[in-house]
Every structure is written in C-alpha cells, then in structure tokens.
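The values are calculated or read from the model by the stated rules, or taken from the named source; none is laboratory data. Computed from a predicted structure; not experimentally measured. Cβ: placed from backbone, ideal geometry, glycine included. Neighbour counts: every protein chain shown. All accessible areas refer to the heavy atoms of the entire protein, side chains included, with ligands and DNA or RNA removed. Shrake-Rupley method; radii C 1.70, N 1.55, O 1.52, S 1.80 Å.
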Amino acid sequence: MNAAKKKGGDFLLAVEGLTVSFDGFKAVDNLSFYLDPKEIRVIIGPNGAGKTTVLDLICGKTKATSGSIKFAGKELTKLKEHQIVHCGVGRKFQTPSVFEDLTVFENLELSYPKGHSVMGALAFKRDAKVIEAVEEVAATIFLSDALNEPAASLSHGQKQWLEIGMLLIQKPDLLMLDEPVAGMSVAERKKTAELLRVITKNHTVLVVEHDMQFVGDIADRVTVMHQGKILSEGSIDHVKADPKVIEVYLGH
Amino acid sequence: MTTPSAIQWFKTREGIYYMLLALLLVVILPLTLDPFRLSMTGKYLTYAFVAIGLVMCWGKAGILSLGQGIFFGLGGYCMAMFLKLEASTPEATAIQSTPGIPDFMDWNQLTELPWFWQPFHSFPFTLLAIIGVPVLLALIIGFTMFTRRVGGVYFSIMTQAVAAILTILIIGQQGYTGGVNGITDLRTLMGWDIRTDEAKMTLYFICVALLFGCLFIARMVQNRKLGRILMAMNAQETRVRFSGYDVAAFKIFVFCLAAAFAGIGGAMFTLIVGFMSPSFVGIVASIEMVIFCALGGRLSILGAVYGALLVNAAKSGLSESFPELWPFAMGALFIGVVMAFPNGLAGLYQSYIQPLEDRLFKGKQAEISSQSSAPISQPSKAEESDGYDSSMDNYSAEKS
C-alpha cells in the first residue's frame, strides 16, 4: 500500500532514506516513513534509538547527511529552521523552553505568525486579532487565568502546555512533540492527553513518548525505532505483539 | 492620539526618570559647571552613546561586544577627517612642501590627498559616513559571525581582535591616518570655530539632544515586539528560532544599531575634544566602555547614561590627583559590579529605592492605570508606558 502511494505524494510528510552520521556513528540510518494528513504518529524506542534526532532532522536543528524529507511537497533538508517553521512545521522540545522573563501573553504573542522580520517586529502592533488569537489558544492550554503572569512562575506542566500553545498559535500543519508528558503529575498527564485529543482534530501530530499508557491513548499508528532504524510499525496492538519490539524495548 | 498619551507618559514613572535626566543635563549641569567642566561632561556623554548601544546589544540581546571602540573610533575619524581637511587649506598649509593636504601627510612625504580622503570634503557625505561606515563594518562582522552562529565568548574575542587590528592599522598607516598621534589640530566646522567656550557650550547641547534622540530610538526598540524578541533570544535562542524568527538577522540588526550609536558618539567626541586618536579605538578603550555600561546597569538605557557620566567623572577626579591609581580603581569597580550588583546602579536603584518610591507613588500610578481596567488591554498599555518598568523589574528579580 505504501509503495503505491509513495510517488503520489498525498502524504503530508514523506521521509525517505534519511541518514545522519555523527563522526561515523549513524544515529539515524536509512530511515523511511510516511505521515498521512491528520494522523497521530508516535515514535517509541529505547534510549539512543534516534527518536529525538528524527525530530531534529525534520525541523532543521540537525542537518541530514543524506536522504530526503518532503513536507507538503517541499523539500525541507535544504531549508533553514525559521523557513521550515514558515512551511508549517512546529516543534516542541523535551525540556520546556519558554521565555521565562516574559508573561504568558507575551510568550504566545511572540509566536503569533506575524512580524517575523526585523522591521516587521519593529512595526508589530498588538491589535484585536492578536489578542483574540492569544486568548483562544490560552483557553485551549488551560492558561486563561495566567495570561499576565511571567512564564517563570508557571509549574513544569503549565510550561509544557505553554510551549504547546506557542506552537498552536503558529497554526502549523505538523506538530512535533518530544515527550510532552515527561515529568508531569498524573492529573497533568490526563489533562495533556485531553489537550492532545483537541489538537489532533485539526493537526497532524508526530510524538516521541515513552509512556506506553499514554501512547495507547493517543496514537493512530506507532513507529518503533532501534539503533537508528525502524524495528516495527503499525497499530499499538500490532507493535505490542511484535516479538522484536518485546525483545529490545518492552521487555518480557 | 499622540498628544494626550505623550502628556500622560510624562506623568508615569518612566517619564519622570527621563525628565530628571533632561533636567540634570540641560539645566543643572550647564548652570553649575564652568565651560571647561561642562565640555568635559559633554565628552563623558559621548561615551553614553556607546553605553546605550551596549545595553541593547549586550544587556538585552546577550551579545557582548568588546570592540565598541571600533565604531566609536570610526565615527570619530570620519568627523576628524572632515575637520582636518577644512583646517588644511592651501593658505594655512603654505609652508608645507605640498600645501593643501593635512600636515601629517606632508611629514610622511605624501604629495597627494589619498582617494578615500577625497569625499570628506563634503559635509553631507561626512554625516552619512559617521553612521554608515560603522554600520557597514558592523554588518560585515555581524553577518560573518552570526550567520555562522558564532556567539558568546567567541564573538567577544573576535570583536577584540578587530579592535586590535584596526588600532594597528591606524598606527601603522601614519601617512594616511596620522598614526599614533591621531588627527589633531582641528579648528573649525564649516567656518565655525569649535575651540571657543561658546562653541563648546553649543556642542554640549547638541550632544545632549542627540543623546536623547538615541535614547528615544533605543526605548522604542525595547518596547516594541522587537525588544521582546531580543530578550527572548538572549535566554532561549533555539525557541526563538523555532518560533519562526531568523535569529541571525535580529543579532545583526542590534549590533548595527549599537554601532550607529557608537559612531554618533565618536563624531561628537571629535567635535568636543578637538582631536581623534587610536587610543579611543583599541582594546582598553572598548573594555572601558563595557564597564560604563555594566556599572550603570546593563539592562537600563538610562542607567547606561549615568554609568558613563559617573565612571568618567571618577576617572577624571582620580587621575587628576593619583594618575597611577586609576587602572586599579577601575578594575576594582568592575569586579565589584560583577560580584556584588550585576545589574549595576539601575539594578540597585530598582531593588532598594523603587520600593520606597512605590509608597509615595502608589496613588498616582493607580490613577493612571485605572483607565485601562481589563487585564488584557493592559499589555497594550505596556507598549506606551509600562514596558520599561515591568521588564526591568522582572529582570532584576530573576537574574543574579
């Protein structure tokens, strides 16, 4: 099925033959996978499998040694990070990276997709549209009441949500989340799953996650990586039953 | 819309700070100081231009340039070249073997004005060059460094290297630049004698006016979204990049802005002091400029002005009586600032004096802010008046 679709290009994201080598060590080795629009894909795998590196490669943080990443028909491997963002790819990092000195409002406002050039940023005005967009996103990420608080005063979980909100306001087509529930309390985990369910109605989402319970809750399809390669791919039940996956990752 | 909000701005705390500085520079100092001391103050203020640039570049955006003397010097040299050409009329230089060229060229057996001196016969060109030459060099340095993601201490070292190279170049090319003595014996600006007390007074006021112009531009940048991006970049460069910003472009911009300010300061320095020499370009001069900024408070553009004034006044005072002590005093000052109060005088002011002020001020502030009641409309007010206070307070509280 994949072979037939490969050339058609109706995938949102098509990664083919992707390889990156750090001083001879192949962190990602000849990797290929395809994301359908509105799909929720979770990448799992043991530590050092190359999961985060795959996200780094797609968003341009790391440059690929070879291979191609086609997003909505555009080749991403040649673009700079901010250009990839403008193509519609949003990336959330593993440790929450928000602007601590700015308020929640300002954090979201900075991510609003307008005034991205130097002169644009100088001329940028906080108009009704911006305020509306910020309020809307703040409501989605449960931070409506904290808009005027500095981001530094938020809890770990709230910072994670804020960063997700900073992606949402960019209106990306593809959201990439690196361990969104790591370090969260049980209640925060639940709320995050709820948040992701809302998000995934309108976005394609690529998630790296360890928490199998959480993976089962959200994933359409799961890709299991091991030593830079794909070990298994399919529904959660499929990969859970795969003996290779049990061997290297899930354990007996 | 501008008039009522402008008047309102003067009632805010920030507006009052600006008015106090204006009062000091425009009224108090001219009335109390003799022309010589006032001219000295003018000289100190020319360093404040550099310090404001450093606040934007280093304090806000986290780019520590240890080579602002480069841009100060380039601005100063541009002005000096114009003044020198004006002073080197064929009549005034009749005793030279080649009349009509600057005296140091004649001493160095040059018989013709070099090509790059030619345009400095024109005053409009000179004005353009005072800003244009420093900005162009900053653009080249910034582009080569920032697009390759050279940052932090490596960038600082590069700026030091450029400062050293420029000094060596100026000293080595004596025939073209006046060498280690610099360009001296400057007399008139468009026929106006700049050496009289009256002229020095006028130049002082021009300097103050330009300084407020630069303060206004810096304030506008810091209060717009651009300023928030600079601060965000300082703390979370990767996040800014993945929020869709070309980080290098913003760094180049703020570096060029600082260079432009420094160039204006340098040109005013030449006018006020009456000469320009490589000692204001080099490594030591550049590091001194960073100290002015650090002492005043590297996050506050007003603090930078006070820092430049105070350190230079202390320098003059101390080196008049104990010249050999000054370098030690300066070193101690810098260590003291870094160890004890990293946000400088402005930081001290915010943490110790502002709380006292708050009690006195509270009634008035509440009256003003009551006009914008909803919490969301408050940020839009921040554009006008609040940006300074809130961002400063956060910084002084969080950073240590």
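Heavy-atom accessible area, probed at 1.4 angstrom with all protein chains present, ranks A:VAL15, A:VAL248 as A:VAL248, A:VAL15, highest first.
Per-residue SASA remark: B:ASP358, around 60 Å² accessible (1.4 Å probe; ligands, DNA and RNA not included). Two numbers describe the Cα atoms of the stretch B:44-178: Rg and Dmax, which are 17.5, 54 Å. Taking the 1.4 Å solvent-accessible surface of the stretch B:255-335 as the whole, the part contributed by carbon and sulfur is 80%. For A:LEU31, the residues whose modelled amide H falls within less than 5 Å of its own, excluding neighbours fewer than 5 places apart on the same chain, are A:GLY17, A:LEU18, A:THR19. Across A:HIS238, A:HIS226, A:HIS82, A:HIS156, the residue with the most accessible area heads the list, and the full order at a 1.4 Å probe is A:HIS238, A:HIS156, A:HIS226, A:HIS82.
The H on the amide N of B:LEU66, modeled in the peptide plane, is under 5 Å from the matching H of B:THR159, B:GLN160, each at least 5 residues off or on a different chain. Computed from Cα positions, the angle between helix B:152-172 and the longest principal axis of chain B comes to roughly 20 degrees. Ranked by the mean number of other Cβ atoms within 10 Å per residue, highest first, peptides B:266-272, B:169-175, B:283-289 order as B:266-272, B:283-289, B:169-175. Oblate is the label for the stretch B:18-101, because a/c, from the alpha-carbon gyration tensor with a ≥ b ≥ c as root eigenvalues, is 1.5 or above and a/b does not exceed b/c. Surface calculation, 1.4 Å probe, protein heavy atoms: B:LEU64 sits at approximately 50 Å² accessible.
Under 5 Å from the amide H of A:ASP36 lie the amide H atoms of A:LEU12, each residue being 5 or more positions distant or on a separate chain, with H modelled from the backbone and absent for Pro and chain starts.
Treating r as the C-beta distance of A:ASP10 and B:ALA332 and R0 as 60 Å, the FRET efficiency rounds to 0.30. Under the simplified labelling scheme, the B:GLU324-A:ASP36 pair shows an inter-label distance of 8.5 nm, with each label point 7 Å from Cα along Cα→Cβ. Taking the C-alpha atoms only, the angle from helix B:283-296 to the longest principal axis of chain B is near 30 degrees. The trypsin sites (Lys or Arg not before Pro) of the stretch A:199-252 that meet both conditions, a loop assignment by DSSP and at most 14 other Cβ atoms within 10 Å of the site Cβ, are A:LYS201. Based on Cα contacts under 8 Å between residues 6+ apart, chain A shows a relative contact order of 26 percent. Entry comment: accessible area of chain B is 43 Å² per residue, from protein heavy atoms only and a probe of 1.4 Å.
On a C-alpha basis, how far is the centre of the stretch A:102-162 from the centre of the stretch B:130-148 in Å? Whole number, if you could? Between the Cα centres of the stretch A:102-162 and the stretch B:130-148 lies a distance of 32 Å. Note that the stretch A:240-246 has calculated 3J(HN,Hα) couplings of 4, 8, 5, x, 5, 5, 4 Hz, one per residue in order, obtained from phi through the Karplus relation 6.51 cos²θ - 1.76 cosθ + 1.60 (θ = phi - 60°); glycine and proline are x. Pairs of lysines in chain B whose Cα atoms sit within less than 22 Å of one another amount to 18, provided the residues are eight or more positions apart or on different chains. For chain A, the longest principal axis of the Cα atoms and the long axis of helix A:186-199 meet at an angle of about 90 degrees.
Karplus-derived 3J(HN,Hα) values for the stretch B:115-121, using 6.51 cos²θ - 1.76 cosθ + 1.60 with θ = phi - 60°, are 4, 6, 7, 3, x, 6, 5 Hz; glycine and proline are entered as x.
Rounded to the nearest 0.05, the FRET efficiency derived from the C-beta distance between B:THR144 and B:SER122 at R0 = 41 Å is 0.85.
Applying both filters, DSSP loop and at most 16 other Cβ atoms within 10 Å, to the GluC sites (Glu not before Pro) of the stretch B:1-108 gives B:GLU91. Taking both sides together, the accessible area buried where B meets A is about 3300 Å² for a 1.4 Å probe.
Taking 0.36 nm per residue of sequence separation and removing the Cα-Cα distance, the B:MET220/B:ILE353 pair yields an extension gain of 45.3 nm. Please work out whether the protein assembly as shown counts as rounded, prolate or oblate from its C-alpha gyration tensor, where a ≥ b ≥ c are the square roots of the eigenvalues and a/c under 1.5 means rounded, while otherwise a/b larger than b/c means prolate and anything else oblate? It is prolate, given that a/c is not under 1.5 and a/b is the larger ratio.
Normalising the average separation of contacting C-alpha pairs (under 8 angstrom, six or more residues apart) by the number of residues puts the relative contact order of the stretch B:40-324 at 42 percent.
Under the classification rounded if a/c is under 1.5, otherwise prolate if a/b is larger than b/c and oblate if not, where does the stretch A:141-201 fall, given a ≥ b ≥ c as square roots of the Cα gyration tensor eigenvalues? Because a/c hits 1.5 or more and a/b fails to exceed b/c, the stretch A:141-201 counts as oblate.
Inter-label distance, A:GLU247 to A:ASP145: 5.2 nm, where each label sits 7 Å from its Cα along the C-beta direction. Looking at the stretch B:35-81, the pairs of alpha carbons with a distance over 15 Å make up 54% of the total.
Of the trypsin sites (Lys or Arg not before Pro) in the stretch B:246-328, not one is in a loop by DSSP (not H, G, I, E or B) with at most 14 other beta carbons within 10 Å. With θ taken as phi - 60° and the Karplus curve 6.51 cos²θ - 1.76 cosθ + 1.60 applied, the whole-hertz 3J(HN,Hα) list for the stretch B:46-60 is 4, 6, 5, 4, 5, 5, 4, x, 5, 4, 5, 7, 8, x, 7 Hz, x standing for glycine and proline.
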